[in-house]
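Throughout, read-outs are computed from the coordinates displayed, never taken from laboratory work. Keep in mind that this is a model prediction, so the values were computed, not measured. Reconstructed Cβ throughout: ideal geometry from the backbone, glycine too, with neighbour counts over all protein chains shown.
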Amino acid sequence: MKLDLKLYRGYVNDQELNVYGHLFKSWAPDKYKMDRRGLKHAVAIIHMFRISPLENKEITLRFRDIEVTTKTLKDGYFRFSIPFSEDLKSGWHEYEVSCNIKNFGMIEKGEFLKPHPSKYGIISDIDDTFLISHSNSVFKKLYVMLSKNINKRQTFDDVVEHYKQLSRAGQDLEHASNSFFYVSSSEWNLYEFVNEFAKMHELPKAVIKLKKIKTRISDFLFTGRGSHDHKFEKIKDIISFYPNIPYVLLGDDSQKDADIYERICKIFPQSLKAVYIRQTGRKKKPNITEILRNIESLGVSICYFKHSHKAIEHSREEGII
């Protein structure tokens with residue numbers, strides 16, 4: 001029996017450790033190479049949605065003296081949320097997950113984050129926030145995904161510089177940085193694509209939180225669509241998990257980011273420092289302007305910008321960077 005165990009970056013505070021992943025029969029989505037061109041690339045992308053998760057299989061986490069076993073959910077997803085109060089230095093730590101099915105075993109290693117003392121937590125959307133994706137047009141978005149491999153996809157001008165400055169803001173130690181979280185309506189199928197793209201463009205290393213995995217080719221046609229409530233829940237979970245730092249939220253006006261961020265600001269009235277919304281069309285959208293005006297009335301700094309150099313200017317004026 002072929003198995004594939006996919007681990008994602010987790011995170012820890014002084015009380016709880018969270019790590020998570022998927023278990024697949026045969027290949028995980030990232031086993032279809034991202035260095036192909038033309039039709040081979042298109043086929044590889046579609047194959048990311050032809051996967052077979054394994055339900056109710058035992059998975060074991062090991063870290064230091066901890067050994068805990070759980071079982072996968074219906075979609076192959078597993079998560080360990082366990083009490084943890086040991087002393088741990090700030091930074092990234094390696095953990096290990098294993099499974100054994102019908103005498104076929106495998107072990108994978110992942111990472112989780114213990115944040116450095118942070119001036120801010122940075123939570124960013126992905127599509128059309130730093131990765132040019134054309135989310136306003138379903139057909140154009142799918143065309144770009146199918147026709148352009150990772151090395152042909154682009155970031156917006158100056159967005160990497162903005163994120164690097166946000167990462168270093170208020171940090172004196174050489175290897176210290178503010179914690180980054182990338183939260184998107186893209187599915188877990190695209191995790192490795194997002195991760196490799198971020199590495200290629202030297203974006204800050206982040207915990208990545210995506211939407212429930214999809215398992216059929218037909219699902220590919222609706223990637224990134226549907227309800228965005230999961231994004232709200234994931235952002236709410238992050239801020240609740242690390243409640244003692246102010247947050248900067250970055251998104252765009254192509255989907256529901258402004259609405260979600262407004263809800264977050266209302267629930268956490270003392271936790272938000274600034275909200276950045278990228279303008280994706282030729283003109284600013286009146287409804288987005290109205291939402292941002294309401295966010296500003298809650299004492300949160302706002303910036304509705306077309307080009308990232310404007311966002312950088314705003315961050316400097318506000319003393320964020």
TODO: Calculate the dipole size of segment 263-321 relative to its Cα centre from +1 charges on Lys and Arg beta carbons and -1 charges on Asp and Glu beta carbons; express the result in debye to the nearest 20.
DONE: 360
Task: Top positive-direction residue, dipole computed over the chain with Cβ charges, set S26, S254, I264 - done: S26
Task: Set of aspartates and glutamates with alpha-carbon distance to K266 below 16 Å, sequence-local pairs under 8 removed - done: D229, E233, D237, D257, E290, E296
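Could you give the length gained by full extension between V68 and D14, i.e. 0.36 nm per residue of separation minus their alpha carbon distance, to one decimal place?
17.6 nm is the gain from fully extending V68 to D14.
Suppose every K and R has +1 on its Cβ and every D and E has -1 on its Cβ; what is the size of the dipole of the chain about the Cα centre, in Debye to the nearest 20? It would help to have the intermediate numbers written out before the result.
On the way: 52 positive and 42 negative charges, 288 e Å.
In debye, rounded to 20, the chain gives about 1380.
How far, in nm, would the chain grow between I150 and N100 when pulled straight, counting 0.36 nm per residue and subtracting the alpha carbon separation?
On the way: separation 50, 0.36 × 50 = 18.00 nm, distance 3.36 nm.
Full extension from I150 to N100 adds 14.6 nm.
For the pairs K119/K273; K152/K199; K164/K256, note any where the Cα-Cα span goes beyond 19 Å.
Working: K119/K273 10 Å; K152/K199 14 Å; K164/K256 25 Å.
Those over the limit are K164/K256.
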Task: Theoretical ellipticity at 222 nm over the chain - DSSP helices of four or more residues, -39500 (n - 2.57) apiece, nearest 500 - done: -8000 deg cm²/dmol
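Would you kindly state how much longer the chain becomes between K109 and N287 on full extension, computed as 0.36 nm times their sequence separation minus their alpha carbon distance, in nm to one decimal?
Numbers: separation 178, 0.36 × 178 = 64.08 nm, distance 4.49 nm.
That pair, K109 and N287, stretches by 59.6 nm at full extension.
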Task: Cβ crowding within 10 Å averaged over residues, with 156-164, 92-100, 190-198 ranked highest first - done: 190-198, 156-164, 92-100
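Give K40/K306; K6/K284; K114/K211; K40/K283 a once-over and call out the pairs whose C-alpha atoms are over 32 Å from each other. Each step should come with its number before you reach the end.
Details: K40/K306 35 Å; K6/K284 40 Å; K114/K211 23 Å; K40/K283 37 Å.
The pairs that break the limit, which is 32 Å between Cα atoms, are K40/K306; K6/K284; K40/K283.
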- [ ] Quick one: P(r) of segment 170-321 from all Cα-Cα pairs, 5 Å bins, percents rounded to integers, in order of increasing distance.
- [x] 2, 8, 16, 19, 22, 17, 10, 4, 1, 0
Task: Cβ crowding within 10 Å averaged over residues, with 60-71, 201-212 ranked highest first - done: 201-212, 60-71
Open item on the list: Run the simple label-point estimate for I267 and N56 please: 7 Å along Cα→C-beta, distance reported in nm.
Closed with: 3.2
